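*Asks:* Before we start, here is the structure in question, set down as structure tokens.
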Amino acid sequence: MKIILFGPPGVGKGTQAKLLVEEFHSAHISTGDLLREAVKNKTALGLKAKSFMDAGNLVPDDVVIGLIEEVLKSDEARDNFILDGFPRTLPQARALDALFEKIGIRLDSVISLEVNNEEIINRLDQRRLCRGCGRIYTIARIGADLKKCPSCGGELYQRDDDKPEPVRRRLEVYQQQTKPLIEYYRETDRLVPIDGMDEIGYVHKLVLDALYKNRI
Ligand code: AMP
């Protein structure tokens, strides 16, 4: 299964990717996670990316394209992967298609998760992550006072870029630079729109149904 999970920030790409990984044992390739890891480890890549990420802007195309090339050429990723948060610009999408052609990969689907803006702002405001296992929670479910991950006991935190100012910028960036990719993938018949407004398990079912339907 070779999938792109597409959609605005906070739409549920990370959550759905984790469920698909359990289902298909795919490599989960999240450029956001890879960049955050690089920032945490203060690598050259992380130092380059940090200021863009903090402001809610996109990291330059050449940086993320280089990163994805490296990952997709590795054996464990090339046959079975979920791309989460990449591509986000037209040059990234074109570079990805060129890379697929070069290394002989045929993409199965671009799953486009759709929710309205009000819901996105609410979800990002409510989102908490675990520093230990990376699980994603919403405070509407676990309560705002819970500080430890119910699964592994790790510390729960809010991403700096989930705070109101960077969120506003991330949504602008999505509208201007990322949303045009819907047309790019629709034109080449690879776009599968999925209503992401429902609860997580139901959206997962919609995604699975669409993937199986597309394969047969
Ligand atoms: P995410 O975790 O996918 O919301 O990504 C967090 C941040 O990482 C984004 O706001 C960008 O600053 C950066 N980022 C992640 N993926 C990309 C990408 N494909 N292109 C450029 N910047 C990215």
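The values are calculated or read from the model by the stated rules, or taken from the named source; none is laboratory data. Note that this is a predicted model, so its numbers are computed, not measured. Every residue, glycine as well, gets a Cβ built from its backbone with ideal geometry; the counts of neighbours run over all protein chains shown.
*Asks:* Any chance you could count how many residues in region 117-172 are among the charged types (D, E, K, R) and under 20 Å from Val21 (Cβ atoms)?
*Replies:* 3
*Asks:* Take the residues in region 86-106 that are among the charged types (D, E, K, R) and in contact (Cβ under 8 Å) with a residue 60 or more places away in the chain, then tell me which one is nearest to Arg159 (Cα to Cα).
*Replies:* By that ranking, first place goes to Arg88.
*Asks:* For residues that are among the hydrophobic types (A, V, I, L, M, F, W, C) and surrounded by 12 or more Cβ atoms within 10 Å (Cβ to Cβ), scanning just region 142-163, find the one that is farthest from the chain's Cα centre (by Cα).
*Replies:* Leu146
*Asks:* I've got another one for you. Do we have any residue at all in region 124-138 that's surrounded by fewer than 11 Cβ atoms within 10 Å (Cβ to Cβ) and either at pLDDT below 95 or within 25 Å of Asn57 (Cα to Cα) (or both)?
*Replies:* No - not one qualifying residue is present in region 124-138.
*Asks:* If you don't mind, another one. Could you please find all residues in region 45-101 being hydrophobic (A, V, I, L, M, F, W, C) and in contact with a strand residue (DSSP E or B) (Cβ under 6 Å, 6 or more places away or on another chain)?
*Replies:* Correct list: Val71, Ala77, Phe81, Ile82, Leu83.
Each row is one residue, and each column tells you yes or no for (1) free of Cβ contacts under 8 Å to residues at least 24 places away in the same chain; (2) within 14 Å of the chain's Cα centre (by Cα).
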position	(1), (2)
Gly66	yes, no
Arg78	no, no
Asp84	no, yes
Asp108	no, no
Asn116	no, no
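*Asks:* Out of (1) under 30 Å from Asn214 (Cβ atoms); (2) surrounded by 15 or more Cβ atoms within 10 Å (Cβ to Cβ), what's the single condition that is false for Asn116?
*Replies:* The number of the failed condition is (2).
*Asks:* It is to be established whether one or more residues within region 46-62 are of a type in the set (Asp, Glu) and farther than 27 Å from Asp79 by Cβ.
*Replies:* yes
*Asks:* Residues that are without any contact (Cβ under 8 Å) to a residue 12 or more places away in the chain and over 18 Å from the mean Cα position of the chain (by Cα): find the helices (runs of 4 or more DSSP H) completely inside region 164-216 holding 2 or more of those.
*Replies:* Output list reads 181-187, 200-215.
*Asks:* Being more than 16 Å from the ligand (Cβ to nearest atom) and surrounded by 15 or more Cβ atoms within 10 Å (Cβ to Cβ) is the requirement here; does Leu211 meet it?
*Replies:* yes
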